[in-house]
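Structure record follows, encoded as structure tokens.
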Amino acid sequence: MIHGIVNLNKPSGWTSHDAVAKARGLFGQQRIGHAGTLDPNATGVLILCLGKATKLSRYFMRLEKEYHGFFSFGKTTDSQDADGEVLEERDASHVTAGKIEELLPRFTGEIMQTPPMVSAVKVNGRRLYALAREGKSVPREPRKIEVRGFELVRYEAPVAEVRVVCSKGTYVRTLAADLGEELGCGAFLQNLTRTRIGPYRVEDSFTMEDLATASEEGDLPRVLTPLDQAIEHLQPAVLRQHATRYGLPPLPKTLAGVEPLDRTPEQGDFLQVRDPKGRAIGVVEVDGEMGRLRKVFVTG
């Protein structure tokens, strides 16, 4: 079985599930998943996790995201993007680059955002998009998100080109819709590219054609980031010398089994465990209080 990740540039028109299904065929294995859904018509970075790396998907999902998008003012749609049906058309002639920039600070920092009906969020055990397909609309609880950067790149009426840096769970199309409401004219997301997830950038990604070519040529490793490299970005936790004596289990069960860390980890953080010689031997997740650690996988 192949273990590692692929930085895929998802093409427009493909669901994230489509991309995973295609990759399973090309790599010849079922144990492949992704770390963060992209809307079908969005393009850009989709991290595919293979083998043991599937257990890291929650880590990748928590990484900072960066997007490049286009907001179109003067119309609203039922999905908040170009795929939806137009609900309303309004005059947007008063919108200027200056007025947009004045409002961006309201959507920066920690804010509350209500997820759209066309989304994978679950309400009472059902996906919102499934309810939307049935013509239903249900109350949704606003959720805290963090927008770390919201920049107007250019405005050519009625379209604004923007750059957004944000946390997990942020809907850029909802930013478009909410910004349009603040301007009194409505807006929808016309086009979106995810340009970065953590250290993984779209400039370094592979296309589906690249994966197909590598598969045909029997050279899949060239599109794969091996497991040991995929965990390089995790905070290192070095085993205490005594933890490796007498054949004791190599992965610690509490933080007491590792040397003091540079940064105190939070609940849900992943740590790269190294032996005293600096060799990576596995990954653990901080699980609960009192420094408990849960084994994610052993690298060997």
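With respect to (1) part of a strand (DSSP E or B); (2) buried (at least 21 other Cβ atoms within 10 Å of the Cβ); (3) out of contact with any His (no Cβ under 7 Å at 6 or more places or on another chain), the lone exception for Ile47 is condition (3). Within region 127-142, which residues are surrounded by 14 or more Cβ atoms within 10 Å (Cβ to Cβ) and at pLDDT 80 or above? Result: Arg127, Arg140. Restricted to region 168-189, and to residues there that are in contact with a helix residue (DSSP H, G or I) (Cβ under 8 Å, 6 or more places away or on another chain) and not aliphatic (A, V, I, L, M), the residue that is farthest from Ser12 (Cα to Cα) is Glu182. Among the candidates Ser93, Ser72, Ser79, Ser12, the residue that is crowded, with 19+ Cβ neighbours inside 10 Å, part of a loop (DSSP other than H, G, I, E, B) and among the polar types (S, T, N, Q) is uniquely Ser79. Taking the conditions exactly as written (touching a His at 6+ places or on another chain (Cβ under 7 Å) and not charged (D, E, K, R)), does Ala132 satisfy them or not? Here the answer is no, as Ala132 does not meet what is asked. Mind listing whichever residues of region 120-168 are under 20 Å from Leu38 (Cα atoms) and in contact with a Lys or Arg (Cβ under 6 Å, 6 or more places away or on another chain)? Within region 120-168, Ala120, Glu161, Val165, Cys166, Lys168 qualify.
A Cβ distance below 9 Å, combined with a sequence gap of six or more or placement on separate chains, defines the contacts here; from region 218-232, residues that are within 21 Å of Ile197 (Cβ to Cβ) reach no residue that is among the basic types (Lys, Arg) and surrounded by fewer than 20 Cβ atoms within 10 Å (Cβ to Cβ). Checked against the criterion of being touching a helix residue (DSSP H, G or I) at 6+ places or on another chain (Cβ under 7 Å) and either surrounded by fewer than 16 Cβ atoms within 10 Å (Cβ to Cβ) or touching a residue at least 40 places away in the same chain (Cβ under 8 Å) (or both), region 254-264 has no qualifying residue. The residues on offer are Val86, Val118, Val123, and the sole one that is closer than 20 Å to Pro158 by Cβ and among the β-branched types (Val, Ile, Thr) is Val86.
Could you list, in sequence order, the residues of region 57-74 that are closer than 19 Å to Leu152 by Cα and either in contact with a Pro (Cβ under 7 Å, 6 or more places away or on another chain) or of a type outside the set (Asp, Glu) (or both)? Scanning region 57-74 gives Lys65, Tyr67, His68, Gly69, Phe70, Phe71, Ser72, Phe73, Gly74. Annotation: of all residues in region 273-298 being closer than 19 Å to Asp262 by Cα, of a type in the set (Lys, Arg) and in contact with a strand residue (DSSP E or B) (Cβ under 7 Å, 6 or more places away or on another chain), the one that is surrounded by the fewest Cβ atoms within 10 Å (Cβ to Cβ) is Arg292.
The values are calculated or read from the model by the stated rules, or taken from the named source; none is laboratory data. Because the structure is predicted, anything quoted here is derived from the model rather than measured. Using ideal geometry, Cβ is built from the backbone for each residue, glycine included, and neighbour counts are taken over all protein chains shown.
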